[in-house]
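Here is the structure we will look at, set down as structure tokens.
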Amino acid sequence: MKQSQLAACIADHAPKPATSMRPLVELLQSRYGTNLRAVLLYGSCLHSGDLNGLFDLYAVVDSYEAAHRNRFAARLNALLPPNVYYLEAELAADGAGVQKLRAKYALLSLNDLNKGVSRRWFHSYLWARFCQPTALAWVRDEATEQEIYAAFATAVSTFIGRVLPLLPARWSTQDLWQKGLTWTYRAEFRPERPERQAQLFKASAAYYRAITPPALTGIAGVAPVARTAETQENQEYQVEIASSSRTLARLAWRLRIVQGKLLSLLRLMKAAYTFQGGVDYILWKIERHSGLRMEAGPFLRRHPLFALCTLSLRLYLKGGVR
């Protein structure tokens, strides 16, 4: 019952996608047909609505075999989900001309989505993404919609369960999400600025404050603290967790960080080949998240795997990876 209530709360407070991104959805529908179950929108364009940005999408499908023309790509997708691809569509602009829309989309099966947001998935890659605000840009039917929101609720529960042992005995809603997002970002090869997690919470504070109470309902050892004038908007809680559980949780996160760096590099290797303009994408991503502008000559552009290794080393030496 608790999970269904949380899923309903998430559905009520989930952001709504702009209708302007409809051409991207239609292109995915034409590409994957009846195999497509849902299109999810997350990331900076969801919040800013910037049509000149790069939309971050997930194309959720029934089957990798049906989604791919070649068996090798399907196996790669199943072995290390998701595969990432580039997408362009055109939107009729006011007056003359058209607006070009750009997106990268991750291809993920509904089965892998459900596994990836659960406690069966040790690494935070999927449950850390889908505990954050995500919009349903399109969904095939009502049953799929309910399953997607149930997956989001599971992601939130998994996130909270793995972050609680890292918190002090008394903490606030903001502490929970900023601490958790900090650790999940560290568990990927993400060149983020230190203040990024605070910005993420601030951008969606109303969402996090709405879904946290139902997410915490029934968790043993967690109790809300009586509100004061200072904590009116940022509810505080107390939690009792054994010191042995806290030690194991910290060890698990250390392992998750090592695992995550390796998995992120492997996914970038895949993206360098599946993503049109893969080297340009890597350069854009580095500058966007770290503020470091880097260049790649003709040789690196012809050899995306070597480019990935070289740029990663440069980024590390410049202090862009934390």
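Tell me the residue from 227, 209, 254, 246 that is out of contact with any helix residue (DSSP H, G or I) (no Cβ under 6 Å at 6 or more places or on another chain), among the basic types (Lys, Arg) and in a helix (DSSP H, G or I), please.
Details: 227 fails: in a helix (DSSP H, G or I); 209 fails: out of contact with any helix residue (DSSP H, G or I) (no Cβ under 6 Å at 6 or more places or on another chain); 246 fails: out of contact with any helix residue (DSSP H, G or I) (no Cβ under 6 Å at 6 or more places or on another chain).
Step by step, each of 227, 209, 254, 246 is checked, and only 254 is out of contact with any helix residue (DSSP H, G or I) (no Cβ under 6 Å at 6 or more places or on another chain), among the basic types (Lys, Arg) and in a helix (DSSP H, G or I).
Would you check if there is a residue in the stretch 100-107 being more than 21 Å from residue 68 (Cβ to Cβ), among the small types (Gly, Ala, Ser), in contact (Cβ under 8 Å) with a residue 12 or more places away in the chain and out of contact with any Pro (no Cβ under 7 Å at 6 or more places or on another chain)?
Pass one, the stretch 100-107, residues more than 21 Å from residue 68 (Cβ to Cβ): 100-102.
Next cut, among the small types (Gly, Ala, Ser) only: none.
No, that holds for no residue.
Residue 40 passes all but one of (1) buried (at least 22 other Cβ atoms within 10 Å of the Cβ); (2) in contact with a Ser or Thr (Cβ under 6 Å, 6 or more places away or on another chain); (3) more than 25 Å from residue 207 (Cα to Cα); which number fails?
(3) is the only condition that residue 40 fails.
Test each condition in (1) of a type in the set (D, E, K, R); (2) under 30 Å from residue 315 (Cα atoms); (3) modelled with pLDDT of 95 or more for residue 141 and report the one that comes out false.
Failed condition: (2).
Has the stretch 165-183 got any residue that is charged (D, E, K, R), under 15 Å from residue 124 (Cβ atoms) and within 17 Å of the chain's Cα centre (by Cα)? If you could, list the steps in order and put the result at the bottom.
Pass one, the stretch 165-183, residues charged (D, E, K, R): 170, 175, 179.
Still in the running and under 15 Å from residue 124 (Cβ atoms): 179.
Those left that are additionally within 17 Å of the chain's Cα centre (by Cα): 179.
Yes, the stretch 165-183 contains at least one residue that is charged (D, E, K, R), under 15 Å from residue 124 (Cβ atoms) and within 17 Å of the chain's Cα centre (by Cα).
For residue 149, indicate whether it is surrounded by 14 or more Cβ atoms within 10 Å (Cβ to Cβ), within 16 Å of the chain's Cα centre (by Cα) and in contact (Cβ under 8 Å) with a residue 60 or more places away in the chain.
Working: surrounded by 14 or more Cβ atoms within 10 Å (Cβ to Cβ): yes; within 16 Å of the chain's Cα centre (by Cα): yes; in contact (Cβ under 8 Å) with a residue 60 or more places away in the chain: yes.
For residue 149, the condition - surrounded by 14 or more Cβ atoms within 10 Å (Cβ to Cβ), within 16 Å of the chain's Cα centre (by Cα) and in contact (Cβ under 8 Å) with a residue 60 or more places away in the chain - is met.
Please determine, by comparing only the residues of the stretch 118-139 that are more than 22 Å from residue 210 (Cβ to Cβ) and among the aromatic types (Phe, Trp, Tyr), which one is most open to solvent (accessible area, probe 1.4 Å).
122
Suppose we keep only residues that are within 30 Å of residue 76 (Cβ to Cβ) and among the basic types (Lys, Arg) within the stretch 220-269. Which one would you say is most open to solvent (accessible area, probe 1.4 Å)? It would help to see each step written out before you state the result.
Of the residues in the stretch 220-269, the ones within 30 Å of residue 76 (Cβ to Cβ) are 252-269.
Add one more test, that the residue is among the basic types (Lys, Arg), and what stays is 254, 256, 261, 267.
Details: 254: 128, 256: 7, 261: 45, 267: 25 Å².
Filtering the stretch 220-269 for residues that are within 30 Å of residue 76 (Cβ to Cβ) and among the basic types (Lys, Arg), the one most open to solvent (accessible area, probe 1.4 Å) comes out as 254.
How about the stretch 55-89: which of its residues are surrounded by 13 or more Cβ atoms within 10 Å (Cβ to Cβ), farther than 20 Å from residue 269 by Cβ and modelled with pLDDT under 95?
Correct list: 55, 87, 89.
The values are calculated or read from the model by the stated rules, or taken from the named source; none is laboratory data. Quantities reported herein were computed from a predicted structural model and do not represent experimental measurements. So basically every Cβ, Gly included, is an ideal-geometry build from the backbone, and we count neighbours across all protein chains shown. When the accessible area is computed, the model is the full protein with side chains, heavy atoms only, and any ligands, DNA or RNA have been set aside. Shrake-Rupley method; radii C 1.70, N 1.55, O 1.52, S 1.80 Å.
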